[in-house]
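Enquirer: Following this message is one structure expressed as structure tokens.
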Amino acid sequence: MPTIFNADDLAGLLRRAESLRPDSPRQWGKMDLAQMLAHMNVALEAPLGIVKLPDESNWFLRTIVKWIVLNQKPFSRNAPTSRNYKMVDAKEFELEKQKFIGLLKSASTNGLAGTWQPHVGFGPLTPEEWGRLLWKHADHHLRQFGG
């Protein structure tokens, strides 16, 4: 399964992110492109410990949903979004895009030996699980905007 810790998998995500343009068409969902990038940025900042989000986990999320999300390929369109990750305010596309690229590189560099914070819904994840989850999440949203 692809992971942000594999150089080729990471390079593919970065290439797709670089290809995004302010007018890239949304295929599904409610967020515009800049909001989606801001959403991705929070999703990268939380496991890296840059931001602290409230715990939303419960038994069902930590077991059943976690297993489905980590093993399902790919994420389904219009999957529910935690309130901590919803973006409703206007965002600046180029700023969010460059931040996303930098955070994705930082997460990859954090690597298998790095420190990872628990997921807000799934609880503690291994570095391997974080690598797969972050790749899948980025892939999902890049596909959302044709990237």
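Coordinate-derived values only; no laboratory data. Quick caveat, the model's predicted, so the values are computed rather than measured. Here the Cβ positions follow ideal geometry from the backbone for every residue, glycine too, while neighbour counts run over all protein chains shown.
Enquirer: If one takes the longest principal axis of the Cα atoms in the chain, at what angle in degrees, from 0 to 90 and to the nearest 10, does the Cα axis of helix 127-144 lie?
Expert: 30 degrees
Enquirer: Residue separation times 0.36 nm, minus the C-alpha to C-alpha distance between Ser106 and Lys30: what's the value? Kindly include the intermediate steps, with their values, before the conclusion.
Expert: On the way: separation 76, 0.36 × 76 = 27.36 nm, distance 2.76 nm.
Contour length minus Cα-Cα distance gives 24.6 nm.
Enquirer: In what sequence do Lys136, Lys30 fall when counting other Cβ within 10 Å, fewest first? Write out the running numbers ahead of the final one.
Expert: Values: Lys136 20, Lys30 12.
Ascending Cβ contact count within 10 Å gives the list Lys30, Lys136.
Enquirer: Would you mind calculating the gained length between Thr81 and Thr63 on full extension (0.36 nm times residue separation, minus the Cα-Cα distance), in nm to one decimal?
Expert: Separation in residues times 0.36 nm, less the Cα-Cα distance, equals 4.7 nm.
Enquirer: Could you work out how far helix 93-110 tilts from the main Cα principal axis of the chain, as a 0 to 90 degree angle to the nearest 10?
Expert: Compared with the principal axis, the helix lies near 30 degrees.
Enquirer: While we're looking at this one, here's another question. Please rank Trp28, Trp135, Trp59, fewest neighbouring Cβ atoms within 10 Å first, as an exposure proxy. Mind dumping the intermediate values first?
Expert: Numbers: Trp28 11, Trp135 23, Trp59 8.
Ranking Trp28, Trp135, Trp59 by Cβ neighbours within 10 Å, fewest first, gives Trp59, Trp28, Trp135.
Enquirer: Report, ordered by chain and residue number, the lysines lying within cross-link reach of Lys91, taken as a straight Cα distance under 18 Å and ignoring same-chain residues fewer than 8 apart.
Expert: The reachable lysines, counting only those whose Cα sits under 18 Å from Lys91, are Lys30, Lys99.
Enquirer: Right, another one. Just rank Ile101, Ile50, fewest to most, by other beta-carbon atoms within 10 angstrom. Kindly include the intermediate steps, with their values, before the conclusion.
Expert: Working: Ile101 16, Ile50 13.
By the 10 Å Cβ count, ascending: Ile50, Ile101.
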